[in-house]
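For reference, the structure discussed in these notes is given below.
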Amino acid sequence: MQSWMVLTLLIGGYLIYLLLGAWVVSSIEAPYEGKLRKELKQLKQIFLNESPCVNESGLEAFLERVISANKYGVSVLFNASSDSKWDLASSLFFASTLVTTVGYGYTTPLTDSGKAFCIFYALVGVPFTMLVLSAAVQRLMATFTYRPIRYFQLHRGFDRKKVTIVHIVVISLLVLILFLIIPAAIFNAIESSWSFLDAFYFCFISLCTIGLGDYVPGEQHNQWLRQLYKVSVAFYLLLGLMAMLLILQTFHKVADLHGLTDLFNLPHLHDHEDQESILDTPDSTTIKEPEPKKPFNTTNQAGLPLTWSYGHAACPSDLPQGR
C-alpha cells in the first residue's frame, strides 16, 4: 500500500511540474509570439502596398513554398549556406543524430524511400548505439567511479558516503566544464550568429537528446572547413552522451548507497564490481577461504580396507573376520 502511495505522489508531483513548466513557458513566449506575428503582418501589408503588381494569393503561395522548403533545411536567402545538406559529412551528422535519438528535425529525408530507410536504419541503429554507449560507460565507470571511490575509502580511510557525494560533485563539474562550457565557447567562436547562451543552450539540448533543432551547427554561408566541422560535431555528440550517461549511472549508484532508491521504491542496480568497490566495507569484502578437503579414507576405523561395488557399500561378508 505504501508503494502505491509513493507512486501516486510521484505521478502527481510530475503532473504539477509539467503544468508549472507549461505556465512559465506560455507566460514568457506567448507575448513575443503575438508581437512577432503582428510585425510579420505589417511587413506583408507594406510589401503589397509598395508592389501593386504582386498578387496577394501568389505571394501567399510563394511564402508557403519557401516555408515548406525551409523545414527541410533548404533556404532561398542570399546569405544561407549553398552547400548540400546531403553530402557525406552532413549525412554522417544526420545519421548520428538519428541513432542517438537527438533528432534536430532541421534536416529530414525528402523522399519516401529515404523515410522508409530511416525507419529500418533506426530500428537497428538505436539499440546498437545504446549497446555501444552502455558498454563504454561500464568501462568508464570502472575507471572514473569505482576505482577512485575504492581508493579513498580503503587507502585513505574516508567514509564511503562522503566520498560518493564529493565524487558525484567533482565528476559533474568536470562534465560541465569539458562538455558544456568549453564546447559552448568553441561554438560561440565558430558560429558568428550564436551568443554564448545560444551555444550553451545547444550543447545542453543536444546532450540531453532533446534536439529541438532551432540551432544547428554548420549552416552558415561559406563556412570554413564545414565538412570537418560537421564530422567533429557528430563525434562530440557521441562523447558527450557517454559523459551524460556516466553521470546518470554514478548518480544512481550514489542513490543506492544513500537509500534514495528504497525511499521511492526504485530498483537497485546490481553490479559485482560496484558492490565490491562502493557498497562493501573492508570487513565485508573478506572472503573466507574454503576448508581443505580431506582425502578419502579407504579403511575403516579398525584399519581394514573397504571394498566397493558400483552403487553399493562394502558387503560384511567380504570383510576379513576378526580373531
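The values are calculated or read from the model by the stated rules, or taken from the named source; none is laboratory data. Small disclaimer: the values here were computed from a predicted structure and weren't measured. Because the Cβ atoms are built from the backbone with ideal geometry, glycine has one as well, and the counts that use them run over all protein chains shown. In case anyone asks, the SASA skips ligands and DNA or RNA and just uses the protein heavy atoms, side chains included. Shrake-Rupley method; radii C 1.70, N 1.55, O 1.52, S 1.80 Å.
Would you kindly calculate the mean projected area, averaged across all directions, of the convex hull enclosing the Cα atoms of region 115-175, in square nanometres?
Working: hull surface 21.9 nm².
Mean orientational projected area (region 115-175, Cα hull): 5.5 nm².
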Per residue, how big is the convex hull of region 151-263 when only Cα atoms are used? Give it in Å³. 123 Å³
P(r) over all Cα-Cα pairs of region 86-213, 10 Å bins from 0 to the longest distance, whole percent per bin, short to long, reads 11, 28, 29, 21, 9, 2, 0
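Hey, what's the Cα Rg ratio for region 1-160 versus the globular rule of thumb, 2.2 N^0.38 Å? Present the calculation step by step, with values, prior to reporting the outcome.
Details: Rg = 26.0 Å, N = 160, 2.2 N^0.38 = 15.1 Å.
Ratio of Cα Rg to 2.2 N^0.38 Å: 1.72.
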What accessible area, in Å² to the nearest ten, does a 1.4 Å probe give for E50? 140 Å²
For region 160-212, the fraction of alpha-carbon pairs in successive 10 Å shells from zero, as %: 25, 40, 22, 11, 2
Among K115/K230; K161/K253; K85/K115, which pairs are too far apart, with a Cα-Cα distance over 19 Å? K115/K230
Can you pull the one-decimal nm distance between simple spin-label points at L7 and V170, each 7 Å off the Cα toward Cβ? 4.0 nm
Per the rule of 0.36 nm per residue minus the C-alpha distance, extending T209 to R65 adds in nm 48.8 nm
Using Cα centres only, tell me the gap between region 131-152 and region 170-244 in whole Å. 25 Å
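Please arrange E64, E191, E33 by accessible surface area, largest first, computed with a 1.4 Å probe and ligands excluded.
Details: E64 125, E191 5, E33 100 Å².
Sorted descending by solvent-accessible area, the residues read E64, E33, E191.
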